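To start, the structure under review is shown below, and the notes come after it.
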Amino acid sequence: MKRIAIYPGTFDPVTNGHIDIVQRAVELFDEVWVTVAINPSKDPMFTSDQRIRLLEESLKHFSNVKVDKFSGLVVDHAREVGAKAIIRGLRAVSDFEYEFQMALMNRKLADEITTVFLMPNEKYTYLNSSLIRGLARFGADVSEFVPACVMDALKRSVN
Ligand code: ADP
């Protein structure tokens, strides 16, 4: 049986930290669905279709990665694609409390699905999408932290 995992997030935009997590996940699972969460209460810089396009471009070298989007419960989407695991990245203790709550709630909702936490290379532990958006708005060079296609999209969006 195929081991399938889902990696949900906002990905506004995808960073090298997210890609590091995907790289680790594909070594553990046969198929990884990177899934853009549509959250009407968030006001993203990039539309969901733009975020998907940037993920597809950045992850095209992985043969066992699929990119899609969902709205609603992560566990429902995990069931739809046949995933038994939800991947989340843990950067620092500051991520822990929120992630712990979500993992336990998701387990309550779907006991057969396990949340798996992966830690990125330490050089990405201080990296998040909101920091990248903020830096890009002020014209800082973030090319070290995001794929080239994201760099281009950020330039277009702030000019
Ligand atoms: P969310 O709004 O769901 O937190 P994000 O796109 O910010 O969405 O992140 C999706 C997942 O990727 C989360 O589990 C987050 O902790 C993880 N993540 C984000 N940035 C990094 C990073 N630099 N290194 C490792 N994991 C990360």
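The values are calculated or read from the model by the stated rules, or taken from the named source; none is laboratory data. Computed from a prediction, not measured in an experiment: that's the story for all the values here. When we count neighbours, we look across all protein chains shown, and the Cβ atoms used for this are built from the backbone with ideal geometry, even at glycine. Heads up: the accessible areas ignore ligands, DNA and RNA and are worked out on the full protein's heavy atoms, side chains in. Shrake-Rupley method; radii C 1.70, N 1.55, O 1.52, S 1.80 Å.
Points worth noting:
- Relative contact order [Cα under 8 Å, 6+ residues apart], the chain, whole percent: 30
- What a 1.4 Å probe finds exposed on the range 34-132 is 54% carbon and sulfur by accessible area, rounded to a whole percent.
- Inter-centroid distance (Cα atoms) of the range 17-54 relative to the range 78-117, Å: 15
- Scattering profile of the range 1-42 at q = 0.23, 0.33, 0.34 Å⁻¹ [log10 I(q)/I(0), Debye over alpha-carbon scatterers]: -0.78, -1.16, -1.20
- log₁₀ of I(q)/I(0) at q = 0.09, 0.11, 0.12, 0.17 Å⁻¹ - the chain, Debye sum with one point per alpha carbon: -0.28, -0.42, -0.50, -1.03
- Cross-link pairs 60/108; 2/69; 42/66; 69/108 - those with Cα-Cα distance over 30 Å: 60/108
- Each residue of the range 76-93 was assigned a 3J(HN,Hα) from its phi angle through the Karplus expression (A = 6.51, B = -1.76, C = 1.60, θ = phi - 60°), giving 5, 5, 4, 4, 4, 9, x, 7, 9, 9, 10, 8, 9, x, 10, 9, 8, 4 Hz with x at Gly and Pro.
- Highest-fluctuation residue, 85, 148, 37 considered, GNM on the chain with Cα pairs under 10 Å: 148
- With K and R counted +1 and D and E -1, the other residues having a Cβ less than 12 Å from that of residue 7 yield a net charge of 0.
- Sparse-neighbourhood loop sites, GluC sites (Glu not before Pro) in the range 70-128 - DSSP loop, at most 12 other Cβ within 10 angstrom: 112
- A 1.4 Å probe run over the range 68-108, with the rest of the protein chains in place, finds 64 Å² accessible per residue.
- The angle between the Cα long axis of helix 16-28 and the longest principal axis of the Cα atoms of the chain comes to about 30 degrees, rounded to the nearest 10.
- Estimated from helices alone, the mean residue ellipticity of the chain at 222 nm is -13500 deg cm²/dmol (sum of -39500 (n - 2.57) over DSSP H runs with n ≥ 4, per residue).
- Binning all Cα-Cα separations of the range 75-159 at 5 Å, short to long from zero, yields these whole-percent fractions: 3, 12, 19, 15, 13, 15, 14, 8, 2, 0.
- Dipole magnitude of the chain about its Cα centre (Cβ charges: Lys, Arg +1; Asp, Glu -1), debye to nearest 20: 120
- Neighbours of residue 120, meaning other residues whose beta-carbon lies under 15 angstrom from its beta-carbon, give a summed charge of -2 when Lys and Arg score +1 and Asp and Glu score -1.
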